[in-house]
Amino acid sequence: MGAHIPWVLHVDLDAFVAAVEVLRHPELAGRPVVVGGRGDPTERGVVSTASYEARAFGVHSGMPLRIAARKLPDGVFLPVDAAEYDAVSGRVMDALRSLGVVVEVLGWDEAFLGVETDDPQAVARSAQRAVLEGTQLHCSVGIGDNKVRAKIATEFGKPAGTFRLTADNWFEVMGHRPTIELWGVGTKVSKRLTTLGVTTVRELAAAPTDALVGEFGPKMGLWYHQLGQGLGPTTVDDSPWVPRGHSRETTFQQNLTTPDQVREAVDELARAVVEDAAQDGRPVVRVALKVRYAPFVTKTTSRKLPQPTRDGATVAAAVSALAEALEDREVRLLGVRAEMAMPDEGDPVDRTPVRGRI
């Protein structure tokens, strides 16, 4: 048989950040390792990654470090070292490119591979071998006939295995499962689907499109309907990823209690984002301000600029204007974001490869 069948493979490193730390500290092998913040569970911060040993105790990404410490009193807590993860991620992607396939980088620890072959399983095993030999790290590989199925398949292959999910076995594997197990369906969307009487993947695939469009709008309604059938894009694109925008965010160890403290913190974040935007070179089209009031109420506001601009003072002033509407309450987190004009929006852009998560 000729090697002419197109496949999409999704490669996902197993507990990537924790695995990198265990490589650096071999004595931690088999221990419950939690990476997040500055590595101090008495401080505010969240879990970036937990080793499989830590996950067995219910610790997961996004969990506050303090809660993780209660679940794991004997756990090992380490600070985030983004520079090291960037470096290791680069070696992972180089190992994948050495296979002669198209590699679309999704972040530090995952990528899509595009390949034409009559034996995708062999390519998946080759990818696992290449990553293991190049980095000593294990990965799982989902094999699919599009990106959606490949991405979802990976979860069935973890850890360090492979799984194939295609049109042939989509409903057999996914039909009875809750919609939240679909890539792109979170808690809020799954709850809204429930109000339509849709709780499983099969029910989503069979749901009337007009009901979905009525609930989610014409674009997303149709997209969720297709998602229920496992439909999705098939093209793997190795063009360097260009971020939509640049963000800076800080969780404060002690709440900010006065308007002056909040203004000063917003101005500092805005200056950093303005500097990031200046290095990017694209004009800013929108700014956003995120605030988390104590104890845990998060709000985000944004404003489209009158016209795209590269003027830092204009961007900073727009952020300050958003900050004027903040409530006089204690603040535990602030974030500032600048969204940029994209290449297809008529502005030239430097397409230098970007690694890591923005």
| query | Has segment 178-185 got at least one residue that is assigned to a helix (DSSP H, G or I), of a type in the set (S, T, N, Q) and surrounded by 14 or more Cβ atoms within 10 Å (Cβ to Cβ)? | reply | yes
| Residues of segment 195-217 being among the hydrophobic types (A, V, I, L, M, F, W, C) and in a loop (DSSP other than H, G, I, E, B), which ones? | Leu196, Val198, Ala207
| task | Within segment 39-55, count every residue that is part of a loop (DSSP other than H, G, I, E, B) and either of a type in the set (Ser, Thr, Tyr) or modelled with pLDDT of 90 or more (or both). | result | 7
| Pair list, Cβ under 7 Å, 6 or more apart: segment 336-347 residue at pLDDT below 55, other residue of a type in the set (A, V, I, L, M, F, W, C) | Asp347/Ala341
| message | Could you go through segment 57-68 and let me know if any residue there is farther than 24 Å from Lys151 by Cα, surrounded by fewer than 18 Cβ atoms within 10 Å (Cβ to Cβ) and of a type in the set (Val, Ile, Thr). | response | yes
| How many of the residues in segment 218-250 are at pLDDT below 90, assigned to a loop (DSSP other than H, G, I, E, B) and open to solvent by less than 30 Å² (accessible area, probe 1.4 Å)? | 2
| said: Give me the residue from segment 1-11 that is buried (at least 21 other Cβ atoms within 10 Å of the Cβ) and in contact with a Ser or Thr (Cβ under 7 Å, 6 or more places away or on another chain) and, out of that set, nearest to Pro64 (Cα to Cα). | reply: His10
| remark: For Trp170, the lone unmet condition from (1) surrounded by 16 or more Cβ atoms within 10 Å (Cβ to Cβ); (2) within 24 Å of Phe112 (Cβ to Cβ); (3) free of Cβ contacts under 8 Å to residues at least 24 places away in the same chain; (4) of a type outside the set (Lys, Arg) is (3)
| said: So for segment 29-48 (the condition being of a type outside the set (Val, Ile, Thr), surrounded by fewer than 17 Cβ atoms within 10 Å (Cβ to Cβ) and without any contact (Cβ under 8 Å) to a residue 24 or more places away in the chain), does at least one residue qualify? | reply: yes
| field | Pair list, Cβ under 9 Å, 6 or more apart: segment 280-294 residue without any contact (Cβ under 8 Å) to a residue 40 or more places away in the chain, other residue part of a strand (DSSP E or B) and open to solvent by less than 30 Å² (accessible area, probe 1.4 Å) | value | Tyr293/Val331; Tyr293/Leu333; Ala294/Val331
| query | Within segment 295-306, is there a residue that is closer than 30 Å to Lys147 by Cα and open to solvent by less than 60 Å² (accessible area, probe 1.4 Å)? | reply | no
| request: Run Pro159 past the list (1) at pLDDT 95 or above; (2) open to solvent by 40 Å² or more (accessible area, probe 1.4 Å); (3) not in a helix (DSSP H, G or I) and report the number of the one that doesn't hold. | output: (1)
| request: Test Glu84 against the criterion of being more than 18 Å from the chain's Cα centre (by Cα) and open to solvent by less than 40 Å² (accessible area, probe 1.4 Å), and give yes or no. | output: no
| said: For segment 274-329, give me each residue that is within 25 Å of Phe252 (Cα to Cα) and either in contact with a His (Cβ under 8 Å, 6 or more places away or on another chain) or in a loop (DSSP other than H, G, I, E, B) (or both). | reply: Asp276, Ala277, Ala294, Pro295, Phe296, Glu324, Ala325, Leu326, Glu327, Asp328, Arg329
| strands (runs of 3 or more DSSP E) wholly in segment 72-131 with at least 3 residues that are over 21 Å from Thr154 (Cβ atoms) and at pLDDT 95 or above - which ones? | 76-78
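The values are calculated or read from the model by the stated rules, or taken from the named source; none is laboratory data. No experiment lies behind these values; they were computed from the predicted model shown. Heads up, the Cβs are rebuilt from the backbone with ideal geometry, glycines too, and the neighbour counts pull from every protein chain shown. Note: areas computed on protein heavy atoms with side chains; ligands, DNA, RNA excluded. Shrake-Rupley method; radii C 1.70, N 1.55, O 1.52, S 1.80 Å.
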